[in-house]
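S.K.: Here you go, one structure.
All of the numbers you see were taken from the coordinates with simple rules; none came from a lab. The shown structure was predicted, so the numbers you read here are calculated from the model rather than taken from an experiment. In this analysis, Cβ positions are derived from the backbone assuming ideal geometry, glycine residues included, and neighbour counts consider all displayed protein chains.
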Number of protein chains: 2
Amino acid sequence: MSSEFLWAVRAQPTRGPKPALTLDQITDAALAVADSEGLAAVSMQRVAADLGFTKMSLYRYLPGKAELVALMVEKAVGAPPDVDTGDWRHALRDWSHRLLAAYLRHPWVLEATVGPRPLGPNELGWMECALSALTGTGLSGSERLDTIAVLAGHARMIAQQAAASRTSETQLTTAVATVLREHADRFPALAETAAAAAVDGGRDQAFTFGLDRILDGLATLMTTKRVPSPSHGGAPSA
Amino acid sequence: MSSEFLWAVRAQPTRGPKPALTLDQITDAALAVADSEGLAAVSMQRVAADLGFTKMSLYRYLPGKAELVALMVEKAVGAPPDVDTGDWRHALRDWSHRLLAAYLRHPWVLEATVGPRPLGPNELGWMECALSALTGTGLSGSERLDTIAVLAGHARMIAQQAAASRTSETQLTTAVATVLREHADRFPALAETAAAAAVDGGRDQAFTFGLDRILDGLATLMTTKRVPSPSHGGAPSA
DNA sequence: CCCAACTGTGTCCGGCGGACACTGTTTCTA
DNA sequence: TAGAAACAGTGTCCGCCGGACACAGTTGGG
């Protein structure tokens, strides 16, 4: 996968026939397939057929499928939002909610963003956005990077659970619950917790819960950094 | 993917020739391929060839490749650890570290565990293990489930970053840094933060940072639940 | 005018997961 | 004890995948 592809400016040639397609059209067609039938349904054949062309014509616009998926991800996450950089807590909360919303709109992005891959302008823009909300909080550079990693990881996890429970109905009537009923003796805490969790909150509840815990932990770090009073020992230590 | 496959007890038949293979041998062979060459290198052909058989013989033991991958995941994460259930903080920290270690030992598990899939005994055992450490903390059922989701999401995210930086050398000399140097004006906070983060800690630092923030946030919730003093308002609210 | 540059197409390849028919082997039963 | 049933491993075939390559048609510049 050529790393510069997402950043290169493509100068259109003068000679020869006009290209009948654009990268945007191709990406949109692929996006539509992924949104409706999943990432596995996105093949060169399929995308080209939806556009009314043969699959090999796409290779005039793209070096390979990896670049197509990268473009899809870039377009799916979209331009970074502009959040209120005044209040770091409000900004990060807003940022996380928007990130989760993007994941929920395009669940296949999770599959497309596992493993090493080059990052595009939009993805870096999202990082930039969250980082700029952390200036002046007293956190070091790596701490700021690690902070947005925790938030992004949480959004990913919740989105993954949401995708899992969407395909298998009401989440607790799934095969996991079935197998849990049969082996409830082997997993007592799990069985009890699942029963207790069946009554209250759904996915949104789970997301805000974890988000608040993370933000609380960040607030704790900032206050103990600003006022290094060794009162309740060991919290930020290793 | 048959959901019962990971849980079914397979009674060996009496008639006919003895099977030359076992599920364990097949899983081990596939695991060796994934560990050394990645999950993409795991094909029926390859695994069977490594065992000295044809690929179709594997279908006598497995319904399909999805079940093979599920078995690989089960064996890769391994039996759940037994952590000290007395101190929830120590227990969850230990649990998270062990989970991250498993992800680092078998980075392909991240790819294999995206999207909806049936859970095996070991995976449920890990959940059970973490949940049992949260009994008596005053958290509700869904809160306990959400807690381990946050921790698992964090471990996943760090493992993903580690896998990314392992393939591309020293993490900051990669193409991301190159593109960042060229477009530093578009991402000022990112450029500055990356420069500041290049000096201090590595991956282990990032993991413990997020872990401590999450645990701090949980501690804050527990204390405010036990002592519902409305002092610094809004922390655990929505 | 004509050639160079470019676009889209058709064909071919290796590899993938998997269906199916087949042969050979083992053991229970009539 | 003979045969049939159950089972193991193999070979062949299919459709689909990503991609290499040669090709014909089209366009604009020297």
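S.K.: Springs between alpha-carbon pairs under 10 angstrom, Gaussian network model over chain B: which of B:Phe53, B:Phe187, B:Phe209 fluctuates most?
M.R.: Maximum among the listed residues: B:Phe187.
S.K.: How long are the three semi-axes of the equivalent ellipsoid of the range B:65-111, in whole Å, if each is the root of 5 times an eigenvalue of the C-alpha gyration tensor, listed from largest down?
M.R.: 25, 11, 6
S.K.: Just the projected area, averaged over all directions, of the convex hull on the alpha carbon atoms of the range B:88-192: how many nm²? Walk me through the numbers before you get to the answer.
M.R.: On the way: hull surface 36.8 nm².
For the Cα atoms of the range B:88-192, the hull's average projected area reads 9.2 nm².
S.K.: Once you keep just the Cα pairs under 8 angstrom separated by 6 or more residues, what percentage relative contact order results for the range B:4-76?
M.R.: This gives 33 percent for the range B:4-76.
S.K.: Normalise the Cα radius of gyration of chain B by 2.2 N^0.38 Å (N = residues in it) and let me know the number.
M.R.: Here the Cα radius of gyration is 1.27 times the empirical estimate.
S.K.: Please list log₁₀ I(q)/I(0) at q = 0.05, 0.09, 0.12 Å⁻¹ for the protein assembly as shown, using the Debye equation with identical point scatterers on the alpha-carbon positions.
M.R.: Per q value, in the given order, log10 I(q)/I(0) is -0.21, -0.67, -1.17.
S.K.: To continue, here is another question. Given R₀ = 30 Å, what would the calculated FRET efficiency be for B:Glu182 paired with A:Ala101, taking r from the Cβ atoms and rounding to 0.05?
M.R.: That gives a FRET efficiency of 0.50.
S.K.: Between A:Ala32 and B:Met1, how many nm apart are label points set 7 Å from Cα along the C-beta direction?
M.R.: Output for this residue pair reads 3.0 nm.
S.K.: Let me check the size of the range B:17-129 from its C-alpha atoms; what are the radius of gyration and Dmax in Å?
M.R.: 15.9, 53
S.K.: Taking a label point 7 Å out from Cα toward Cβ, give me the nm distances from B:Thr178 to the same spot in the other copies, shortest first, one decimal.
M.R.: Spacings between copies for this position, smallest first, are 5.1 nm.
S.K.: Averaging over all projection directions, find the projected area of the Cα convex hull of the range B:93-143 and quote it in nm² with one decimal place. Before the final figure, lay out each step's value.
M.R.: On the way: hull surface 17.5 nm².
Its Cα hull, projected and averaged over all orientations, spans 4.4 nm².
S.K.: Just in the range B:10-92: which trypsin sites (Lys or Arg not before Pro) are loop by DSSP and have at most 13 other Cβ atoms within 10 Å?
M.R.: In loop regions of the range B:10-92 (DSSP not H, G, I, E or B), the sparsely surrounded trypsin sites (Lys or Arg not before Pro) are B:Arg10, B:Arg15.
S.K.: From the label point of A:Arg117, set 7 Å along Cα to the beta carbon, how far off in nm is each other copy's matching point, shortest first?
M.R.: 1.7
S.K.: If you don't mind, there's one more thing I want to ask. Compute the label-point distances linking A:Arg15 to its equivalents in the other copies; points lie 7 Å from Cα along Cα→Cβ; give nm, one decimal, shortest first.
M.R.: List, nearest first: 7.5 nm.
S.K.: How big, on average over all directions, is the shadow cast by the Cα convex hull of the range A:4-76, in nm²?
M.R.: Averaged projected hull area, Cα only: 4.9 nm².
S.K.: Here is a follow-up. Evaluate the relative contact order of chain B (contact order divided by residue number), counting alpha-carbon pairs under 8 angstrom at least 6 apart; express in whole percent.
M.R.: Dividing the mean separation by the residue count of chain B yields 18 percent.
S.K.: Whole angstrom only: what separates the Cα centroid of the range A:68-110 from the Cα centroid of the range B:37-106?
M.R.: Their Cα centres are 31 Å away from one another.
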